[in-house]
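K.L.:
Okay, here's the structure, questions in a sec.
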Amino acid sequence: MLLSLRVKNFLLLKEAYLEFSNGFNVLTGETGAGKSLLLKALSLALGDRIDWEIFSDQKSIIELEILIPDEYVKIFENYGIEIENNILNLRRIIEGEKKKSRIYANDNLVLSKTINEILRNLIEIHGQYETYKLFDESYQMEIIDRYAKSRVFESDYQTKIIDKYANNEDLLEEYRNVYKHWIEIKNSYLEFQEKKERYNQELEFLKYQLNEIENANLRIGEEEELLKRLEYLKKIEQIKEVKFLIDELIFSSEDSVLSKLSLILRKSQNLNEIDEFKEISNKIENVIYEIKELKEILGNFEFEDYENINVIQERLFFLNKLKKKYGKSIEELINYKEELKDKIKKMENLPSEIENLTKQLYDTENYLNKLADEISKRRKTASKK
């Protein structure tokens with residue numbers, strides 16, 4: 001039974017969600033309310049063909065949840081689709097701009113034809129003046145078989161008898177297993193083909209990002225260093241003024257502190273035989289030594305021009321712009337650079353992956369054909385006996 005239906009950006013419906021209950025459900029509303037659109041979405045989710053003329057450039061999503069009978073679980077598993085608790089989730093993505101659509105059954109990419117074939121006898125959609133299944137020969141035969149209450153007329157039953165007589169059980173089991181494996185390869189192949197469509201554009205974008213980050217020459221701790229340097233350069237005039245005063249008052253002028261201390265030191269040293277003056281001389285000598293050290297420290301100051309301030313500010317602006325663009329810190333950008341290298345390497349291996357899957361698909365199909373030929377041969381031999 002149907003459990004729920006959800007549509008997004010489907011024709012005139014921006015979003016809609018329906019939950020179905022047990023028994024008889026009625027969908028009512030005025031003309032133009034969207035009842036027909038919901039039925040159209042339902043049929044498309046079940047693999048119906050798309051009329052591209054009615055779809056715009058937007059991306060439409062249809063999600064359908066179905067509770068399927070036990071006998072259908074095995075059918076889906078034969079197609080490589082795992083079913084849990086008899087719940088089947090179908091999702092169809094329709095891209096009007098590219099005129100492409102994809103159907104996923106429990107997150108497995110499948111062909112719309114496959115879904116349509118499996119579910120056409122489980123879910124029927126009837127329209128006015130429509131006789132949907134009455135013209136289906138297999139359905140007509142099914143009605144006759146039911147009426148006759150006999151399985152003799154069922155082609156599947158006849159085939160099972162022949163297979164048993166022909167000892168085909170082992171071959172059929174192997175065929176089912178190989179077919180399931182083929183479905184898995186096919187799904188992987190379709191997924192890679194889908195990736196291939198975005199391959200060139202995405203690869204070019206990733207290479208652009210990598211090139212941009214590499215050319216930025218990012219370094220951990222650079223921002224902090226630049227900010228510290230910028231703060232220093234902004235106070236450079238004050239530093240020059242203080243340096244000039246220190247140099248003028250302590251060192252350069254005839255009446256400088258250093259010259260006066262040197263004079264005092266010479267005179268006090270003449271009185272070194274007096275213990276008190278010897279101690280004074282030593283302290284003055286230490287002060288002179290520290291003042292000379294101060295001169296060396298002042299000599300180490302580099303007075304850069306304002307052009308260097310502009311260079312630092314431009315670099316900080318660039319780093320902030322880069323962080324904002326990627327939404328990452330400098331350290332995170334450095335790590336992201338390595339991630340980009342790995343992604344690009346994997347994407348560049350995509351063509352070889354597709355080539356490998358193509359070969360696997362070809363080999364598996366050949367083996368399936370051989371198994372089918374052998375099964376058919378045994379059936380023909382058994383039917384003649």
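The values are calculated or read from the model by the stated rules, or taken from the named source; none is laboratory data. Owing to the predicted nature of the structure, the values given are computational and were not obtained by experimental measurement. Every residue, glycine among them, receives a Cβ derived from its backbone with ideal geometry; neighbour counts consider all protein chains shown.
K.L.:
Does Leu298 satisfy the criteria of being touching a residue at least 12 places away in the same chain (Cβ under 8 Å), within 60 Å of the chain's Cα centre (by Cα) and either more than 28 Å from Arg229 (Cβ to Cβ) or part of a helix (DSSP H, G or I) (or both)?
P.N.:
yes
K.L.:
Restricting to segment 36-47, what's the tally of residues that are at negative phi and part of a loop (DSSP other than H, G, I, E, B)? Spell out the reasoning first.
P.N.:
As a first pass, look at segment 36-47 and keep what is at negative phi: 36-46.
Those left that are additionally part of a loop (DSSP other than H, G, I, E, B): 46.
So the count comes out to 1.
K.L.:
Has segment 36-44 got any residue that is without any contact (Cβ under 8 Å) to a residue 40 or more places away in the chain, buried (at least 18 other Cβ atoms within 10 Å of the Cβ) and within 16 Å of Glu117 (Cα to Cα)?
P.N.:
Looking for residues that are without any contact (Cβ under 8 Å) to a residue 40 or more places away in the chain, buried (at least 18 other Cβ atoms within 10 Å of the Cβ) and within 16 Å of Glu117 (Cα to Cα), one finds none in segment 36-44, hence no.
K.L.:
Let me ask something else about it. Which one is farthest from the chain's Cα centre (by Cα) among residues in segment 3-35 that are closer than 26 Å to Thr114 by Cβ and not in a strand (DSSP E or B)?
P.N.:
Among those residues, the one meeting the criterion is Phe20.
K.L.:
Also, quick follow-up: State all residues of segment 183-228 that are basic (Lys, Arg) and either outside any helix (DSSP H, G or I) or buried (at least 16 other Cβ atoms within 10 Å of the Cβ) (or both); if no residue qualifies, say none. Give the derivation first.
P.N.:
Pass one, segment 183-228, residues basic (Lys, Arg): 186, 195-196, 198, 207, 219, 228.
The answer is Lys186, Arg219.
K.L.:
Determine which member of the set Glu307, Glu285, Glu314, Glu293 is in a helix (DSSP H, G or I), modelled with pLDDT of 80 or more and under 30 Å from Arg219 (Cβ atoms).
P.N.:
On the way: Glu307 fails: modelled with pLDDT of 80 or more; Glu285 fails: under 30 Å from Arg219 (Cβ atoms); Glu293 fails: under 30 Å from Arg219 (Cβ atoms).
Result: Glu314 is the single residue among Glu307, Glu285, Glu314, Glu293 that is in a helix (DSSP H, G or I), modelled with pLDDT of 80 or more and under 30 Å from Arg219 (Cβ atoms).
K.L.:
Okay, next question. Are there strands (runs of 3 or more DSSP E) fully within segment 61-125 with at least 2 residues that are within 24 Å of the chain's Cα centre (by Cα), charged (D, E, K, R) and more than 27 Å from Asn177 (Cβ to Cβ)? List them. Explain how you work it out, then say what you get.
P.N.:
Details: elements: 87-95, 100-105, 108-110.
Qualifying strands (runs of 3 or more DSSP E): 87-95.
K.L.:
Considering each residue of segment 223-250, count those that are farther than 30 Å from Glu332 by Cβ and aromatic (Phe, Trp, Tyr), and give that number. Walk me through it before giving the result.
P.N.:
If we filter segment 223-250 for residues that are farther than 30 Å from Glu332 by Cβ, which is where we start, we get 235-250.
If we keep only those that are aromatic (Phe, Trp, Tyr) too, we end up with 244.
So the count comes out to 1.
K.L.:
Further question: Quick check: is even one residue across segment 223-231 more than 30 Å from Lys337 (Cα to Cα) and assigned by TED's automatic domain parsing to the domain that holds Lys341?
P.N.:
Within segment 223-231, the subset more than 30 Å from Lys337 (Cα to Cα) is 231.
Those still in the list that are assigned by TED's automatic domain parsing to the domain that holds Lys341 too: 231.
Yes, the conditions are met somewhere in segment 223-231.
K.L.:
Of all residues being over 16 Å from Glu65 (Cα atoms) and in contact with a helix residue (DSSP H, G or I) (Cβ under 7 Å, 6 or more places away or on another chain) in segment 3-24, which is surrounded by the fewest Cβ atoms within 10 Å (Cβ to Cβ)? Just the residue, please.
P.N.:
Within segment 3-24, the subset over 16 Å from Glu65 (Cα atoms) is 9-15, 23-24.
Cutting the leftovers down to in contact with a helix residue (DSSP H, G or I) (Cβ under 7 Å, 6 or more places away or on another chain) gives us 10-13.
Values: Phe10: 23, Leu11: 18, Leu12: 8, Leu13: 15.
Per the criteria, the residue is Leu12.
K.L.:
Can I ask one more? Scan (1) under 30 Å from Lys359 (Cβ atoms); (2) among the polar types (S, T, N, Q); (3) modelled with pLDDT of 70 or more; (4) buried (at least 16 other Cβ atoms within 10 Å of the Cβ) for the single condition Asn168 breaks and write down its number.
P.N.:
The number of the failed condition is (3).
K.L.:
Let me ask you something else. Listed residues Glu302, Glu332; which is of a type outside the set (Phe, Trp, Tyr) and modelled with pLDDT under 90? First the steps, then the outcome.
P.N.:
On the way: Glu332 fails: modelled with pLDDT under 90.
Result: Glu302 is the single residue among Glu302, Glu332 that is of a type outside the set (Phe, Trp, Tyr) and modelled with pLDDT under 90.
K.L.:
Would you mention how many residues in segment 204-237 are of a type in the set (Ser, Thr, Tyr) and more than 27 Å from the chain's Cα centre (by Cα)?
P.N.:
Initially, segment 204-237 is screened for residues of a type in the set (Ser, Thr, Tyr), giving 208, 232.
Then keep just the ones that are more than 27 Å from the chain's Cα centre (by Cα); that gives 232.
So the answer is 1.
K.L.:
Also, I was wondering about something else. Kindly list the number of the only condition in (1) under 28 Å from Leu203 (Cα atoms); (2) modelled with pLDDT under 80 that fails for Lys385.
P.N.:
(1)
K.L.:
Taking the options Leu298, Leu263, name whichever one is surrounded by 14 or more Cβ atoms within 10 Å (Cβ to Cβ) and not β-branched (Val, Ile, Thr). Spell out the reasoning first.
P.N.:
Values: Leu263 fails: surrounded by 14 or more Cβ atoms within 10 Å (Cβ to Cβ).
Exactly one residue qualifies, and that residue is Leu298.
K.L.:
Give the residue that is surrounded by the fewest Cβ atoms within 10 Å (Cβ to Cβ), with candidates limited to residues of segment 48-60 that are outside any strand (DSSP E or B) and within 27 Å of the chain's Cα centre (by Cα). Walk me through it before giving the result.
P.N.:
From segment 48-60, those outside any strand (DSSP E or B) are 48-58; that's our starting set.
Keeping just the survivors that are within 27 Å of the chain's Cα centre (by Cα) gives 55-58.
On the way: Phe55: 18, Ser56: 10, Asp57: 8, Gln58: 13.
Residue satisfying both the conditions and the ranking: Asp57.
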